[in-house]
Amino acid sequence: MPRERLAIEGVPALLAGPERPRGAVLFLHGAGGSKERTAALAGPLHEAGFLTLHPDALHHGERKGGAGDVFRDKAKIVEAQLASIEEAPRLLAWLRARFPGLPLFAVGASMGGYVVHELLARGEVLAAAAVWMSAARPPDWLVPALPPGFVPAIERAGGYRGVPLLHLHGDADAIVPLRLAEETIETLRSRYPPGRLALAVLPGVGHAPRPEMAALSAGWFLRWRFESA
């Protein structure tokens, strides 16, 4: 699948997918990840007809510098997460300008999944979204590193606009416990029409992205791509 290397407002990114796409996906990686890793997972999305845009978060990939093992540095994770929250709307705007008329979607894994929740809590309108191994509230171990006054997305549920949202989570995840995803779904359920909010639990899966997550996300996006056409 063709790939194009980009720098979008200083953010290194990869653009990959079919020449005649039926939609475009912003694919946000987790702590310790990179644009190359998410691009390697995106095959099912490409096969389903979606372009994917893969940015490097702050302290990751080409932006890593001397950050070391980011996954073990809570302060760096928080810095990357906060930077991604501010950058993601600009990346979506770039996609809208580059591919006018294409429906836009978002996938977020772990840290990237929280960023997707921030987009939705702030009223971003997407055709659909998928969150892997994440939730609308940061896990307890990350909370001490958050800035004073930080209000998680789950406490701003009034901002969500019913964007179709699929959560994918392993029942053996020790990094972001399944209970946080379940809490997210229960909190949002009253604000969503039936069928537009779903949680799929993968038995025996821990905190690691799996190919079936991309395949399930592609199917979810196709469902809403056709319904909105």
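Derivation of every value follows stated rules applied to the coordinates shown; laboratory data play no part. Model, not experiment: these values are computed from the prediction. Here Cβ is always computed from backbone atoms with ideal geometry, including for glycine, and neighbour counts include all displayed protein chains.
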Pull out the extension gain between Phe99 and Asp171, defined as 0.36 nm times the separation in residues minus the alpha carbon to alpha carbon distance; nm, one decimal.
22.2 nm
Let a ≥ b ≥ c be the square roots of the eigenvalues of the Cα gyration tensor of the chain; is it rounded (a/c under 1.5), or, if not, prolate (a/b larger than b/c) or oblate?
rounded
Region 142-226: chymotrypsin sites (Phe, Trp or Tyr not before Pro) in DSSP coil with no more than 14 other Cβ atoms inside 10 Å
Phe150
Simple Cβ-charge dipole of region 1-94, Lys/Arg +1 and Asp/Glu -1, about Cα centre, in debye nearest 20:
120
With +1 assigned to the C-beta of every Lys and Arg and -1 to the C-beta of every Asp and Glu, and no other charges, what is the dipole magnitude of the chain about the Cα centre in debye, to the nearest 20?
480
With runs of 4+ DSSP H residues as the only contributors, calculate the mean residue ellipticity of the chain at 222 nm using -39,500 (n - 2.57) per run, divided by the residue total and rounded to the nearest 500.
-11000 deg cm²/dmol
Scoring region 95-229 by relative contact order with C-alpha pairs under 8 Å, at least six apart, yields a percentage of 26
Which aspartates and glutamates, on any chain, are close to Lys74 with Cα under 13 Å apart, when same-chain ones fewer than 8 places away are left out?
Asp140
For Cα pairs less than 8 Å apart in space and 6+ apart in sequence, what is the mean separation divided by the residue count of region 8-79, i.e. the relative contact order in percent?
36
Taking r as the C-beta separation of Ala7 and Asp69 and R0 as 30 Å, the FRET efficiency to the nearest 0.05 is 0.75
Segment Ala198-Arg223, extension gain: residue separation times 0.36 nm, minus the distance between their alpha carbons
7.7 nm
Which FRET efficiency, nearest 0.05, do Glu36 and Glu212 yield, Cβ-Cβ r, R0 22 Å?
0.60
With springs only between Cα atoms under 10 Å apart, run a GNM on the chain and tell me which of Val176, Val11, Val116 wobbles the most.
Val11
Ordered by number, the GluC sites (Glu not before Pro) in region 1-67 that occupy a DSSP loop and have at most 14 other Cβ atoms within 10 Å are Glu9, Glu19
Mind listing which chymotrypsin sites (Phe, Trp or Tyr not before Pro) in region 30-129 are in a DSSP loop and have 11 or fewer other Cβ atoms within 10 Å?
none
